[in-house]
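Peer 1: First the structure, which I've put down as structure tokens, then a few questions once you've had a look.
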Number of protein chains: 2
Amino acid sequence: MTTRRDFIRTSALLTAGAGILPFNACALPKAKDRLGVALVGLGYYSTDVLAPALQETKKCYLAGIVTGTPEKAVRWQKQYKLPDKNIYSYQNFDQIANNPDIDVVYVVLPPSMHAEYTIRAAKAGKHVWCEKPMAPSVADCQAMIKACRDNKVTLSIGYRTQHDPNVQEIIRLRRQNELGKIRLVTASAGYYEQRADNWKQKKAMGGGAMNDMGVYALQAARYVTGEEPILVTAQQFTTRPAIYTEVDETTLFQLQFPSGAVANCATSFGMDMNQLQATCANGWLRMEPFQAYGGIKGESSKGVIDFKIGNQQALQMDNDATAIMQKKALLVPGEEGLRDIRVVEAIHEAARTGKAVKLSA
Amino acid sequence: MTTRRDFIRTSALLTAGAGILPFNACALPKAKDRLGVALVGLGYYSTDVLAPALQETKKCYLAGIVTGTPEKAVRWQKQYKLPDKNIYSYQNFDQIANNPDIDVVYVVLPPSMHAEYTIRAAKAGKHVWCEKPMAPSVADCQAMIKACRDNKVTLSIGYRTQHDPNVQEIIRLRRQNELGKIRLVTASAGYYEQRADNWKQKKAMGGGAMNDMGVYALQAARYVTGEEPILVTAQQFTTRPAIYTEVDETTLFQLQFPSGAVANCATSFGMDMNQLQATCANGWLRMEPFQAYGGIKGESSKGVIDFKIGNQQALQMDNDATAIMQKKALLVPGEEGLRDIRVVEAIHEAARTGKAVKLSA
């Protein structure tokens, strides 16, 4: 395993020209067949999920890291044989502009920092992959999209499930109208969050169940219907008021779509749930789990949905890298992340005011 | 089949003494081993469901009918060999007081007529079985309960599913705390109602999806949690505004319970759905269908739930007849129907005002 990975990594590094010839020593940059990715923020998701996934990607590789913790830098350098010059702190991050090894900056920080690091990465001329939720506010999302556009770099949101063929099958069923008019979507996404002092409990860091897990249910309601909601209501609850003082532990939200379809959704840091159902005029659909890292599966009135995939995040990153290299449309561009955050803002407003919030279609 | 049914019916009639000896010819009324039931309102449910079920009951039998349509009276008399004296119109209904063949009046009319006929039956000294929803208003329910209490007769609500051992298993799991704290109940009950000019579309008759189908989802949220909701929100929608001018085609409603459990429910006349799920601290539960006439089944984290039963309505009526004969507690007394209608009223208010409605626990 180590041997194979070492080989892949070494060949990737060679292919990308890293550490052999300085990039700017070439008269013209050579087309790469793998993009170098720098992970920004080395928490659980980078450490346990994305870095291992990057060992399985074919179109990109782990080229660098950005971290505020020197001990983490040492550990990652050793584990992934990263050259010194590809290790950044938050202070010297902007110098990444001069590093040809880094093609993509993957922002894996708490949501409140997504805008800042996306914009800084864009200004450094790097493509950006940004974890979900895109940002805590529509204004942030718009600024991120603008910065990437202005700097002629792409912006992908890390909606891994939309790269999963099982989710794509749901979208195909709707696009081809195989189940008839979508009438009701029920989606519940949550887990029991044991941590009590994480960014997930902090409003200023973009925490809360709706922002973190709710976007899965919201996305599902949107991709199952293929529409944008026009009316939003929401209710928030907590069973742990001592911990959930600033953000929601549980949010229920309801959406009405232009076609008349409605969605009944739940998200929570207080319980495990991972279910998607749709009631349609000529059929039905259910997925469980619908937003897991692997094993997404389900059934519709048209048959079983159970495509086997390898590493979901590797698939996502390879798809995004391929789109960048081939200059093709991204599967989940910033605009798609923004569409969710627009509704998330409406959900928070509806919960806060206790009133239905209208949205333009 | 006909032979067996004829035998059962004949023996039932003989056993109950109907048509052989006038009841009041005896010095003291003999204890019956079957109660005579008069169906009030001979629509679909009486015709296609309850009357056939009464051919399979062991503790009660079809003894009479109350109808405003003389042709129906002729047809039913012929089919079920009912004596002339056990046929009533709405005008002479109160004379049922003098008919010892009739022990129970089963009110199967549109909801707006439940209170009137329950109260008239009670005043006639007959036990009352009343279809769900109990009535369109809390005030009606209270008057019905009072009339039955004042006249020393019992009042059962036709919540057939609560007699189903599959539903009883759900209640047992909660009572014995096998799944841990109930956190979220998701219940969806609906069907595509093709009729456009039925009582179900008329407000004055107690129609609407919430009243008719919504009580199943509401009941489920209540029996899964074993609690009464303290906060209610609701949203109503229609996809057929030309038909649903007075009542709701689709209602979404959310409940918060004292323990912190929440429920996310949907009901509709615009789509087929019949699903119940619960997310619990130490397990889960799902039932589909959860409110069908037969075949209720599901699974929990403790195992499959799939008890086979015969005719569900026969089971319900036999249970209620047995409770009456043995003077035992009814499984679903009027007070239980009232508990639902109290919440239904709050749901309608919440939908109308767009505001959360508080209820006392």
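The values are calculated or read from the model by the stated rules, or taken from the named source; none is laboratory data. For clarity, every value in this text was computed on a predicted model and none was experimentally measured. Here Cβ is always computed from backbone atoms with ideal geometry, including for glycine, and neighbour counts include all displayed protein chains.
Peer 1: Would you be able to say whether some residue in the range B:244-251 is aromatic (F, W, Y) and farther than 29 Å from A:Y244 by Cα?
Peer 2: Yes - at least one qualifying residue is present in the range B:244-251.
Peer 1: Moving to a separate point now. Please find, within the range A:298-307, the residue that is farthest from the other protein chains (Cβ to nearest Cβ) out of those that are touching a Lys or Arg at 6+ places or on another chain (Cβ under 9 Å) and not acidic (D, E).
Peer 2: Among residues in the range A:298-307 that are touching a Lys or Arg at 6+ places or on another chain (Cβ under 9 Å) and not acidic (D, E), the one farthest from the other protein chains (Cβ to nearest Cβ) is A:F307.
Peer 1: Then there's this: Scan the range A:324-361 for residues that are hydroxyl-bearing (S, T, Y) and under 20 Å from the mean Cα position of the chain (by Cα) and report the count.
Peer 2: 0
Peer 1: Restricting the first residue to the range B:211-232 and requiring it to be within 16 Å of B:R183 (Cβ to Cβ) and outside the structural domain of B:R339 (by TED's automatic domain parsing), which pairs with a second residue that is in a helix (DSSP H, G or I) and modelled with pLDDT of 95 or more meet a Cβ separation below 8 Å and a spacing of at least six or different chains?
Peer 2: Hits for this filter: zero, empty list.
Peer 1: When you go through B:T279, B:T238 one by one, which is the residue that is surrounded by fewer than 20 Cβ atoms within 10 Å (Cβ to Cβ), within 12 Å of chain A (Cβ to nearest Cβ) and among the hydroxyl-bearing types (S, T, Y)?
Peer 2: Residue meeting the stated conditions: B:T238.
Peer 1: So, of the residues in the range B:250-275 that are within 8 Å of another protein chain (Cβ to nearest Cβ) and within 17 Å of A:S259 (Cα to Cα), which turns out to be surrounded by the most Cβ atoms within 10 Å (Cβ to Cβ)?
Peer 2: B:L252
Peer 1: While we're on this one: Run B:T161 past the list (1) surrounded by fewer than 21 Cβ atoms within 10 Å (Cβ to Cβ); (2) among the polar types (S, T, N, Q); (3) touching a residue at least 12 places away in the same chain (Cβ under 8 Å) and report the number of the one that doesn't hold.
Peer 2: (1)
Peer 1: Before we move on, is B:I324 under 26 Å from B:K59 (Cβ atoms), in contact (Cβ under 8 Å) with a residue 60 or more places away in the chain and either aromatic (F, W, Y) or touching a Leu at 6+ places or on another chain (Cβ under 8 Å) (or both)?
Peer 2: Against the criterion (under 26 Å from B:K59 (Cβ atoms), in contact (Cβ under 8 Å) with a residue 60 or more places away in the chain and either aromatic (F, W, Y) or touching a Leu at 6+ places or on another chain (Cβ under 8 Å) (or both)), B:I324 qualifies.
Peer 1: Could you grab me the full set of residues in the range B:180-210 that are farther than 26 Å from B:Q316 by Cβ and either in a loop (DSSP other than H, G, I, E, B) or within 12 Å of chain A (Cβ to nearest Cβ) (or both)?
Peer 2: Within the range B:180-210, B:G180, B:K181, B:R183, B:L184, B:Q194, B:A196, B:D197, B:K202 meet the criteria.
Peer 1: Let me ask something else. Considering only the range B:286-298, I want to know if a residue exists there that is among the aromatic types (F, W, Y) and under 20 Å from B:D212 (Cα atoms).
Peer 2: Within the range B:286-298, one or more residues are among the aromatic types (F, W, Y) and under 20 Å from B:D212 (Cα atoms).
Peer 1: Quick check, is B:T154 in contact with a strand residue (DSSP E or B) (Cβ under 8 Å, 6 or more places away or on another chain) and within 14 Å of chain A (Cβ to nearest Cβ)?
Peer 2: No; evaluated as a whole, the condition is false for this residue.
Peer 1: Same structure, new question: Which condition number does A:E169 fail, the rest of (1) under 15 Å from the mean Cα position of the chain (by Cα); (2) in a helix (DSSP H, G or I) being met?
Peer 2: A:E169 satisfies all of (1) under 15 Å from the mean Cα position of the chain (by Cα); (2) in a helix (DSSP H, G or I) except (1).
Peer 1: Of the residues A:G310, A:G334, A:G294, only one is under 30 Å from A:A31 (Cα atoms) and modelled with pLDDT under 95; which?
Peer 2: Of A:G310, A:G334, A:G294, the one residue that is under 30 Å from A:A31 (Cα atoms) and modelled with pLDDT under 95 is A:G310.
Peer 1: Which of the residues that make up the range B:226-235 are away from chain A (no Cβ under 13 Å) and either out of contact with any Lys or Arg (no Cβ under 9 Å at 6 or more places or on another chain) or surrounded by 23 or more Cβ atoms within 10 Å (Cβ to Cβ) (or both)?
Peer 2: B:E227 - this is the single residue of the range B:226-235 that is away from chain A (no Cβ under 13 Å) and either out of contact with any Lys or Arg (no Cβ under 9 Å at 6 or more places or on another chain) or surrounded by 23 or more Cβ atoms within 10 Å (Cβ to Cβ) (or both).
Peer 1: Could you identify the single residue in B:F253, B:F257, B:F307, B:F290 that is farther than 19 Å from B:Y159 by Cβ and not small (G, A, S)?
Peer 2: Just a single option satisfies the conditions, and that option is B:F257.
Peer 1: Sticking with this structure for a sec: Specify which of the listed residues (B:E193, B:E131) is of a type in the set (D, E) and more than 18 Å from the chain's Cα centre (by Cα).
Peer 2: B:E193
Peer 1: Restricting to the range B:302-361, count the residues that are of a type in the set (K, R) and closer than 19 Å to B:P258 by Cβ.
Peer 2: Qualifying residue count, the range B:302-361: 3.
Peer 1: Still on this structure, I have one more. Do any strands (runs of 3 or more DSSP E) entirely within the range B:283-361 hold 3 or more residues that are of a type outside the set (D, E, K, R), and if so, which?
Peer 2: B:283-287, B:303-305
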